[in-house]
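Report on one structure; see the data block that follows.
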Amino acid sequence: MATRRDFLKGLGGALGAVVLTSSCGSGGGSSSNNNTSLIPNGYRFFRVLTTGDPLPEGNTLFAMPGAAMINSRNELFVYGLDQADRSGFYELLLDFGGSRPAVLRARKVIREGDVLKDSKVVDQVTSGDVNDLGSFAAVVKTTDNLSGLYLERQKSGFEPVAGYLTGMPNGAGKFGSFFGDVDIHDNDNILFVAQYAPYGIVQGRQGLIYLPGGEVNEKGSIVTSTADLIPETGGFISGLGLVDMHDNGNYVLQAYGMSQAMITGQKVSAGAGRLDAEAASMLITGNVKDPFTRTLRSISSSIPVKKSTAARPGFTYGELRYGPRIGNSNKAAFVVHVNGSHMVMVYDGNPVISTGSLSPLGNPVSSVAAPVVGADGLLYYQAVTEQGMELVVYNGVDSKTILTNGDTVDGAVLRSLFFGFMTEQVDKAGRVVFTADFEDGNTSLVIGIPV
Amino acid sequence: MTKINKTLIATSAPISVCKGLALFPQIGTSRAGVSASGTTGSIFSTKDTLLLWRLTADAGYDVFMGLCGPAYAVEMDVEGEADKGQVELTVSGDELQAGFFFGLTVGLHFSIDLEQYTTRIVWKGWHSHLESKWENVASIGPSIEVDMIDLILTVILLALEESGQEDTLLQKVDKFTPKLLGSWGMYDEQKNTFVENGGKMVAKPTFNIPIDITSMVPALKAVNESLKAFFCHFGTGPQIGVQIPVTVELNKIKLDSTEYADLSFSKGKVSGKTAGTDPSAPKELGLTLNHTPNFDLTLGVFASLQICKLFNVSGSVSIPILSMLGISPKLGTYSNDLKNDIGSESVASCGCGSLKGARLVEVIFDEPLVAGA
């Protein structure tokens with residue numbers, strides 16, 4: 001089935017580590033129709049940073065658990081731990097002009113122990129995202145036991161944007177000390193999840209907050225919050241999870257909620273009461289500029305929805321455990337856990353792959369990661385199979401494997417790869433970045449360049 | 001002319017919210033009573049396959065809350081004279097406290113088990129093959145029980161200061177029920193505002209605290225220290241909201257059984273008129289106070305586990321504290337009488353939640369004057 005691929009893979013070193021794409025049934029090569037993007041014929045993969053390498057400021061890279069990002073300024077960002085077990089993000093500026101990418105500059109972005117512009121000391125970075133301006137938005141837990149949203153513009157250091165008891169957009173209340181996921185897009189527009197104390201209401205809430213330009217002012221807004229109605233149901237949002245925002249303010253949001261029946265069904269009694277409120281997860285899409293229009297794309301089967309909603313193409317029942325993604329034209333990509341081990345990936349309303357089906361290399365799929373949407377609409381995802389794992393590209397028609405375990409990258413045999421942990425893992429040129437374990441015992445930051 | 005010597009009118013001496021007058025007397029006791037209750041439950045529970053991992057995560061809680069109040073307490077010195085059907089009293093040292101004593105013991109229980117599916121190539125020439133298995137890579141199960149208010153006291157005080165609630169006091173008090181790890185008084189205090197405000201005293205103890213406590217508890221901090229290797233973060237904490245605005249207004253003055261109404265306030269003095277005759281040698285001075293309360297108390301617990309921008313499971317529970325404690329606030333205006341022997345500058349304190357020992361303080365509740373929502 002993949003003899004051409006196997007043969008050429010064996011010649012990989014001689015070909016400069018080019019790995020040809022391979023698909024199940026359709027063979028290698030490009031394919032397209034009027035509505036789909038071309039899948040590159042092959043990729044060249046390079047290890048650009050490896051455990052044991054020196055880090056900026058004299059430390060040594062000890063581990064990279066999987067969070068890697070790339071933007072269209074040829075900047076790679078990776079979360080790593082140094083030899084002293086300090087965690088943080090590092091940035092590599094690459095030059096792609098030569099036969100292999102060269103690191104022009106390495107920089108520590110933010111790390112435990114750093115002093116921020118508000119004089120607070122970093123204890124832990126709990127969420128982060130980059131954009132094509134090179135700006136970095138981070139949720140930082142500081143050593144004063146509080147958390148806040150920080151923004152670094154143009155490599156000029158992290159400034160506080162929102163923190164405990166700071167004011168919210170339009171004077172809607174004050175932020176609490178829990179900040180969840182954050183996404184930064186063009187023009188430093190930031191969308192993030194935070195707890196807050198609304199004015200005039202004694203109940204604290206969790207909100208999806210939009211800050212145009214990364215500033216808290218009258219232009220910002222609370223896009224949605226707990227206690228809002230779940231779109232197209234009679235239930236209420238009870239929590240917010242992961243978020244992704246794309247061009248024009250389109251966003252996808254992982255949320256949690258309860259139906260009225262679940263709320264009224266809670267057992268409460270004085271003295272020996274028990275109160276269970278395990279919320280159902282769901283996917284909501286919308287636009288930050290139109291907070292009143294939201295669409296439900298998937299939801300746990302424990303919450304009833306309208307028949308018209310259930311009949312919508314691509315609407316899926318199940319738990320949304322992974323972060324959803326969104327690409328151009330408001331196309332949402334997400335994975336639904338139909339149960340604890342059975343998953344279905346959906347892109348633009350169509351099923352892409354599910355556990356139990358065959359991967360492009362013909363192996364039964366046992367698990368998938370969250371997808372990443374490329375600028376050209378290609379969908380990238382990682383599938384775990386009974387034979388190992390595959391990094392796959394999907395264009396709406398064909399799925400092709402671009403890397404699998406056993407492949408050789410820079411002379412080392414790939415053991416495991418970790419893709420889909422962040423939203424920004426493919427740049428506008430179609431370069432993919434991820435971390436991978438190799439049989440030589442090291443973990444590397446790997447970049448794949450389409451050829 | 002009848003001289004009225006300096007007389008202390010107070011709900012207790014020293015002033016104490018827990019020994020004050022219940023804001024909602026229909027809940028059973030005239031005095032601020034003790035209510036206590038607890039609950040337990042789950043915040044989230046999940047078992048999912050995530051790429052190469054099998055994650056089993058559970059979060060649960062138990063809460064025990066005790067409340068003394070909500071109530072208000074007043075104290076003022078009154079002296080003056082009555083003549084020709086009019087009483088004129090000078091009020092000094094007036095003080096109002098409104099709020100409650102409470103304790104919040106929260107237990108948080110977490111279990112996070114992470115197994116990794118490992119695949120390796122076994123090199124055996126023609127018999128080379130892949131070998132895969134599930135291996136436990138992390139097993140974390142902290143369980144804590146904390147005096148939640150003690151834990152987050154610093155941030156509450158910061159919140160009160162930032163929100164301009166500088167009159168709202170929060171201080172540790174003697175435990176009023178043994179099951180609590182600690183007891184706290186949360187109340188607003190106003191001094192010497194009585195006459196200037198036309199016989200009204202207004203207190204607005206308020207705060208709203210959504211806070212992540214994982215950095216404040218060593219066991220939870222250790223969890224996040226372990227999880228950072230996966231760019232993973234666990235957050236949990238309470239969402240506490242309190243709002244108890246209350247207005248207390250002097251409505252009538254009594255010398256023995258003679259009532260003086262149509263009260264007016266000027267230059268530190270309050271005057272009232274009666275259609276009857278001034279008592280020649282009154283023994284008892286009484287003040288009728290009306291109070292209009294509101295009350296909202298919320299408690300929530302949240303927990304969230306996040307791995308990069310890959311995985312998130314969250315949950316929150318809103319605990320109906322008032323119904324658990326058997327408190328059903330009925331809004332309206334309530335009338336209370338406070339009396340003392342003229343010339344007495346002390347009152348006996350009462351046991352919290354009962355009228356024991358309150359011999360010198362007579363409290364009479366009328367029906368609400370205005371039905372509330």
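Annotations
- Odd one out for A:PHE179 among (1) more than 19 Å from A:PRO324 (Cα to Cα); (2) buried (at least 23 other Cβ atoms within 10 Å of the Cβ): (1)
- Selected residue (criterion: surrounded by the fewest Cβ atoms within 10 Å (Cβ to Cβ)) from residues of region A:284-294 that are at pLDDT 90 or above and within 15 Å of A:THR233 (Cα to Cα): A:THR285
- Each residue in region A:331-342 was checked for being out of contact with any Asp or Glu (no Cβ under 9 Å at 6 or more places or on another chain) and farther than 13 Å from A:LEU379 by Cβ, and 1 pass.
- Within region B:254-337, strands (runs of 3 or more DSSP E) holding 3 or more residues that are over 23 Å from B:THR11 (Cβ atoms) and within 14 Å of chain A (Cβ to nearest Cβ): B:296-307, B:311-319
- Between A:ALA227, A:ALA255, A:ALA197, the distinction of being part of a strand (DSSP E or B) and either surrounded by fewer than 21 Cβ atoms within 10 Å (Cβ to Cβ) or over 20 Å from the mean Cα position of the chain (by Cα) (or both) belongs to A:ALA197 only.
- Residues satisfying the stated conditions in region A:297-321, i.e. more than 14 Å from chain B (Cβ to nearest Cβ) and not in a loop (DSSP other than H, G, I, E, B): A:ARG297, A:SER298, A:ILE299, A:LYS307, A:SER308, A:THR309, A:ALA310, A:THR316, A:TYR317
- Just one of (1) surrounded by fewer than 21 Cβ atoms within 10 Å (Cβ to Cβ); (2) of a type in the set (Ser, Thr, Tyr); (3) within 14 Å of another protein chain (Cβ to nearest Cβ) fails for A:SER221. It is (3).
- Residue identified as among the polar types (S, T, N, Q) and surrounded by fewer than 19 Cβ atoms within 10 Å (Cβ to Cβ) among A:THR142, A:THR126, A:THR166: A:THR166
- Residue in region A:58-86 that is nearest to the other protein chains (Cβ to nearest Cβ), counting only those that are β-branched (Val, Ile, Thr) and under 14 Å from A:PHE434 (Cβ atoms): A:VAL78
- One residue stands out in region A:323-351 among those that are out of contact with any Ser or Thr (no Cβ under 8 Å at 6 or more places or on another chain) and of a type in the set (Ser, Thr, Tyr): the one that is farthest from the other protein chains (Cβ to nearest Cβ), namely A:SER329.
- Answer residue from region A:117-165, given it is closer than 21 Å to B:THR214 by Cα and part of a loop (DSSP other than H, G, I, E, B) and is farthest from the other protein chains (Cβ to nearest Cβ) among those: A:LYS120
- Residue in region A:369-380 that is aliphatic (A, V, I, L, M), surrounded by 17 or more Cβ atoms within 10 Å (Cβ to Cβ), in a strand (DSSP E or B) and more than 20 Å from the chain's Cα centre (by Cα) present: no
Residues checked against (1) within 19 Å of B:MET76 (Cβ to Cβ); (2) free of Cβ contacts under 8 Å to residues at least 60 places away in the same chain; (3) not hydroxyl-bearing (Ser, Thr, Tyr):
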position: B:ASP296; (1), (2), (3): no, yes, yes
position: B:LEU310; (1), (2), (3): no, no, yes
position: B:SER314; (1), (2), (3): no, no, no
position: B:VAL317; (1), (2), (3): no, no, yes
position: B:SER323; (1), (2), (3): no, yes, no
position: B:ASN340; (1), (2), (3): yes, no, yes
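- Candidate set from region A:238-252 (those that are more than 10 Å from chain B (Cβ to nearest Cβ) and assigned to a strand (DSSP E or B)); member that is nearest to A:GLY323 (Cα to Cα): A:VAL252
- Residue count for region B:230-242, restricted to those that are part of a strand (DSSP E or B) and either out of contact with any Phe, Trp or Tyr (no Cβ under 7 Å at 6 or more places or on another chain) or without any contact (Cβ under 8 Å) to a residue 12 or more places away in the chain (or both): 6
- Only one entry of A:VAL335, A:VAL344, A:VAL352 meets the criterion of being in contact (Cβ under 8 Å) with a residue 24 or more places away in the chain, assigned to a strand (DSSP E or B), out of contact with any Leu (no Cβ under 9 Å at 6 or more places or on another chain) and surrounded by 15 or more Cβ atoms within 10 Å (Cβ to Cβ), and that entry is A:VAL344.
- Of all residues making up region A:381-410, the number that are of a type outside the set (A, V, I, L, M, F, W, C), closer than 20 Å to B:LEU51 by Cβ, part of a strand (DSSP E or B) and over 19 Å from the mean Cα position of the chain (by Cα): 6
- Residue in region A:396-410 that is modelled with the highest pLDDT, counting only those that are more than 15 Å from A:GLY42 (Cβ to Cβ) and surrounded by fewer than 22 Cβ atoms within 10 Å (Cβ to Cβ): A:ASP410
- A single entry from A:VAL413, A:VAL365 fulfils the requirement of being over 20 Å from the mean Cα position of the chain (by Cα), β-branched (Val, Ile, Thr) and surrounded by fewer than 18 Cβ atoms within 10 Å (Cβ to Cβ): A:VAL413.
- Pick from region B:164-206, criterion touching a helix residue (DSSP H, G or I) at 6+ places or on another chain (Cβ under 6 Å) and hydroxyl-bearing (Ser, Thr, Tyr), ranking: modelled with the highest pLDDT: B:TYR187
- Strands (runs of 3 or more DSSP E) within region B:1-95 that include 3 or more residues among the acidic types (Asp, Glu) and more than 30 Å from A:LEU320 (Cβ to Cβ): B:53-83
- Index of the failed condition, A:ASN187 passing every other in (1) on the phi < 0 side of the Ramachandran plot; (2) touching a helix residue (DSSP H, G or I) at 6+ places or on another chain (Cβ under 8 Å); (3) polar (S, T, N, Q): (1)
The values are calculated or read from the model by the stated rules, or taken from the named source; none is laboratory data. Please read these numbers as outputs of a predicted model, since none were measured by experiment. Positions of Cβ are generated from backbone atoms using ideal geometry, with glycine treated the same way; all protein chains shown enter the neighbour counts.
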